[in-house]
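None of the figures in this text is laboratory data; all of them are computed from the coordinates on show. All of these numbers come straight from a predicted model, not from anything done at the bench. Virtual Cβ from ideal backbone geometry, glycine too; neighbours counted across all protein chains shown.
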Amino acid sequence: MSNDSTLRITAQLREWIAGAAPGARLPSTRSLVAEHQASPVTVQKVLRALTAQGLIESRPGVGTFVRAVRTARPADYGWQTAALGSPQAPLRPVSTAMRSAPNDVIAFHSGYPDRELLPERLVRAALARAARSDAALSPPPAAGLPELQSWFAHELRASTPVGVTPPATSDVIVLPGSQSGLSSVFRALVGSGQPLLVESPTYWGAILAAAQAGVRVVPVPSGPEGPDPEELARAFDETGARLFYAQPNYANPTGAQWSANVGAQVLDVVRRHGAFLVEDDWAHDFGITTDATPLAVHDDSGHVVYLRSLTKSVSPGIRVAAMIARGPARDRILAARGAESMYVSGVLQAAAFDVVTQPGWQTHLRGLRHQLQARRDLLVSSLREYAPLAHVEHVPRGGLNLWARLPDGTDVGQLVRDCEAEGVIVAAGDEWFPAEPAGPYIRLNYAGPNPGAFQEGARILGRVLERR
Ligand SMILES: Cc1ncc(COP(=O)(O)O)c(C=O)c1O
């Protein structure tokens with residue numbers, strides 16, 4: 001009995017069954033043997049398999065029939081768990097910030113700015129031009145399109161103080177979003193089982209990337225002014241860590257912006273410990289009352305690995321970011337990138353470069369600043385008036401989010417569910433803590449759709465909090 005003939009007969013009979021009416025009688029075994037020129041054993045085997053798949057049923061002494069009700073067998077992937085063993089890292093669900101929501105809810109949860117805050121005209125024109133360019137048909141260099149690398153390097157160069165050597169174009173690696181850069185940097189510069197210091201709270205995606213890379217996350221408390229440099233030094237000493245992941249400007253979720261003094265002290269601690277600072281400048285374009293000055297401009301000895309994303313400011317549809325790193329660290333990260341994705345779509349790089357080099361880009365950023373300010377202030381005042389129990393300890397000078405502390409003892413999960421039942425989606429703060437949450441918090445994004453509904457959203461949140 002050949003395996004080939006089993007497969008062939010199975011395929012042909014499946015096709016026959018698919019076109020037959022439920023209850024139709026299959027040809028007898030003898031005619032199937034003759035028709036397919038196979039042995040009776042092979043035909044019986046095929047019929048048993050089709051029966052097990054719920055496609056046919058045999059009525060002894062009567063014949064074999066197409067099943068009237070074709071019951072789908074419940075999927076059983078139990079063997080996979082046995083084969084894979086327990087996951088290396090706890091499987092965290094994807095963050096609330098990534099959830100899409102229907103139009104009729106008041107959405108404070110999203111991690112992305114609403115469409116009205118994007119430079120839509122610039123993006124559409126740039127994509128049309130990119131589609132007509134060579135980039136549409138040829139692979140770009142692995143580290144990125146040279147003109148885009150140069151743009152990222154120049155942006156840092158423009159604020160580099162005298163006496164510090166600015167980054168070179170070749171220090172820039174273009175990424176398909178900074179999230180994948182986090183994974184690469186944790187794999188390439190930390191390694192499985194090794195400690196990684198992170199601010200707490202911090203970006204959920206960094207916690208996720210660290211878990212997947214198998215690194216051991218060590219939280220360092222961080223407030224509106226950033227981490228305490230002495231605490232950071234102690235964490236380096238105690239753990240032997242060589243890398244600190246942080247967001248000095250408009251941190252997600254707290255909105256914190258480090259003072260120049262804290263930044264200088266943190267850099268000093270990092271240098272003294274022969275370590276790296278991974279500076280995630282995700283909100284570079286979202287300054288409101290200040291600008292985001294990267295700490296990376298003060299470093300020319302390769303201690304800062306700088307991540308700069310255009311995803312949220314240019315368009316989540318053109319997902320382009322960059323990593324600026326120097327020395328062997330840059331080479332190791334580039335090697336990791338090669339293994340992970342080889343290169344970033346040249347069309348997307350060309351489109352991103354087009355957008356950020358149009359005169360309209362700066363005009364857009366100026367308008368965006370005002371819109372973010374108006375939205376932030378509206379949400380802050382709405383919370384103060386209608387939901388005073390959601391206390392915003394720090395009004396951020398930029399970014400997209402408010403970080404609100406709830407009364408002690410609040411069951412945040414229940415609160416989130418109760419709000420959602422009334423049409424308001426908020427994100428539970430727990431997702432931003434690498435270990436136990438420091439308190440009951442929620443994150444509210446003020447860059448989402450329909451700011452006209454902010455007051456109503458705050459009213460509902462306030463009501464839900466009152467009746468806890
Ligand atoms: C702090 C932070 N870093 C990185 C990212 C990921 O950015 P990208 O979309 O460029 O991958 C995000 C996205 O929300 C973020 O908030």
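A few notes on this one:
- Label point 7 Å beyond Cα of residue 92 along Cβ direction - residues of the range 427-468 with amide nitrogen under 16 Å: 427-439, 441-443
- Burial order of peptide ranges 400-413, 239-252, 284-297 (average beta-carbon count within 10 Å, highest first): 239-252, 284-297, 400-413
- Length gained when the stretch residue 463-residue 14 is fully extended (0.36 nm per residue, less Cα-Cα span): 155.8 nm
- Cut-off 17 Å, label 7 Å out along Cα→Cβ of residue 162, residues of the range 291-324 by amide N: 298
- The chain - charge dipole about Cα centre, Lys and Arg +1 at Cβ, Asp and Glu -1, debye rounded to 20: 1880
- Rounded, prolate or oblate (a/c below 1.5 giving rounded, otherwise prolate when a/b exceeds b/c) for the range 334-437 by Cα gyration tensor: oblate
- Ordering of 106-114, 14-22, 362-370 by burial proxy (mean other Cβ atoms within 10 Å per residue, highest first): 106-114, 362-370, 14-22
- When shorter helices are ignored and each DSSP H run of at least 4 residues is given -39500 (n - 2.57), the per-residue value for the chain at 222 nm works out to -12500 deg cm²/dmol.
- In degrees, nearest ten, helix 120-132 long axis to first principal axis of the chain (Cα): 60
- In order through the range 278-289: 3J(HN,Hα) via Karplus (6.51 cos²θ - 1.76 cosθ + 1.60), integer Hz, x for Gly, Pro: 8, 9, 9, 9, 5, 10, 3, 8, 10, x, 10, 9
- A cut-off of 5 Å between modelled amide H atoms, ignoring neighbours fewer than 5 places along the same chain, links residue 445 with 109, 110, 402.
- Taking 7 Å steps out from each Cα toward its Cβ at residue 138 and residue 393 produces label points 5.4 nm apart.
- Relative contact order of the chain, pairs being alpha-carbon contacts under 8 Å that are 6 or more residues apart, as %: 18
- Counting other Cβ atoms within 10 Å as a rough exposure proxy, the listed residues 25, 443 run 25, 443 from fewest neighbours to most.
- Computed from Cα positions, the angle between helix 204-213 and the longest principal axis of the chain comes to roughly 60 degrees.
- In terms of other Cβ atoms within 10 Å, 279, 385, 456, 155 run from fewest to most in the order 385, 456, 155, 279.
- Cα long-axis angle, helix 359-386 against the chain (0 to 90 degrees, to the nearest 10): 90
- By other beta-carbon atoms within 10 Å, ranking 442, 173 with the fewest at the front produces 173, 442.
- Cβ-based net charge around residue 458, under 11 Å, with every Lys or Arg adding one and every Asp or Glu removing one: +1
- Sorted peptide list for 32-44, 216-228, criterion being average Cβ within 10 angstrom, highest first: 216-228, 32-44
- Percent antiparallel among DSSP beta bridges (both partners in the chain, rounded to 5): 55
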